[in-house]
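Accompanying notes for the structure given below.
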Amino acid sequence: MGKVVAERRSEGVFIMQLKDVRPETFTKEIHCDRCGRVALLGDAEFEEMVSIESRAGYGSVFGDGNDVNVDLCQHCLKLVLGQWLRVSEPGDRQVQLDKMLSRFDPERHGGEFPGAADSGPQAETAPERHWNCRVIETALPDGETWYAVHEVHYENGRPIMYTELPTTVDWSSEDGAEAGLRRLKKFQEALRKPALKLSDFEN
Ligand SMILES: [Zn+2]
């Protein structure tokens, strides 16, 4: 039987709370999918198990929407993926984070985290090009300000060109069933970022 608690929250108002306990699930053992090793909760090996849980997306080799899961013990993880694992000391995390944050420029990235294109040396050797949708702000002769979503092309993270006509929500049959939704998502992302002015393309 639960315990009834009545609490006076304000003048004349009582809140009734009925306390009880309920069982909660927890993982008590994990089996390594590769070698079959069993690690029990409380073992040092249990803490070192690595589980990958991933939902395959559009274009995945595992099939769109499928779940991809694996539990591996630390020994199999090292054996199978060892040469590609990035193992660093705890102090390195802060250094890496500070490095990433130092490249962040709200004007330029508009809420995005800097990518490879924003790192100095790489940017100089091979210009990285990509595009996205952005709102462009134009001053009309009558003093009105006009906003429209255009495709904007970037080189090394800087906007360099935009489509003359505003872009539309359109796609071809080859783009797949979800292409329209993806296109709308691009528009949504564009609306969350600050509007670009024509002067942003002048450098
Ligand atoms: Zn194993």
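Listed peptides 58-71, 145-158 appear in the order 145-158, 58-71 once ranked by packing, highest mean of other Cβ atoms within 10 Å at the front. Here the label points at Thr168 and Asp105, each 7 Å from Cα along the C-beta direction, are separated by 3.6 nm in the simple model. A Förster radius of 30 Å, combined with the Cβ-Cβ distance separating Val21 from Arg192, puts the computed FRET efficiency at roughly 0.10. Under 20 Å of direct C-alpha separation, and excluding same-chain neighbours fewer than eight residues apart, Lys78 reaches these aspartates and glutamates: Asp33, Asp43, Glu45, Glu47, Glu48, Glu53, Glu89. Tally Lys/Arg at +1 and Asp/Glu at -1 over every other residue whose Cβ is under 15 Å from the Cβ of Asp92; what's the total? Neighbourhood net charge equals +1. Between Ala177 and Trp131, the distance separating the two model label sites (each 7 Å from Cα on the Cα→Cβ line) works out to 2.7 nm. Across the range 58-66, rounded Karplus estimates of 3J(HN,Hα) from the backbone phi angles (6.51 cos²θ - 1.76 cosθ + 1.60, θ = phi - 60°) give 4, x, 6, 5, 8, x, 3, x, 6 Hz, Gly and Pro being marked x. The phi-based Karplus calculation (6.51 cos²θ - 1.76 cosθ + 1.60; θ = phi - 60°) puts the 3J(HN,Hα) values of the range 128-136 at 8, 10, 8, 9, 8, 9, 9, 7, 10 Hz, whole numbers, x for Gly and Pro.
Arrange the peptides 195-201, 89-95 so that the one whose residues have, on average, the most other Cβ atoms within 10 Å appears first. Don't skip to the end; give the middle numbers.
Values: 195-201: 14.6, 89-95: 8.9.
Packing proxy ranking, top to bottom: 195-201, 89-95.
Please compute the length gained on full extension between Thr145 and Gln74, using 0.36 nm multiplied by the number of residues separating them and subtracting their Cα-Cα distance.
Working: separation 71, 0.36 × 71 = 25.56 nm, distance 5.91 nm.
So the chain would gain 19.7 nm between Thr145 and Gln74.
Using a simple spin-label model with pseudo-atoms 7 Å out from Cα toward Cβ, Leu184 and Leu41 lie 4.3 nm apart.
Each reported figure results from applying straightforward, stated rules to the coordinates on display, with no laboratory input. These numbers were taken from a predicted model, which means no experiment stands behind them. Note that we place each Cβ from the backbone using ideal geometry, even for glycine, and neighbour counts take in every protein chain shown.
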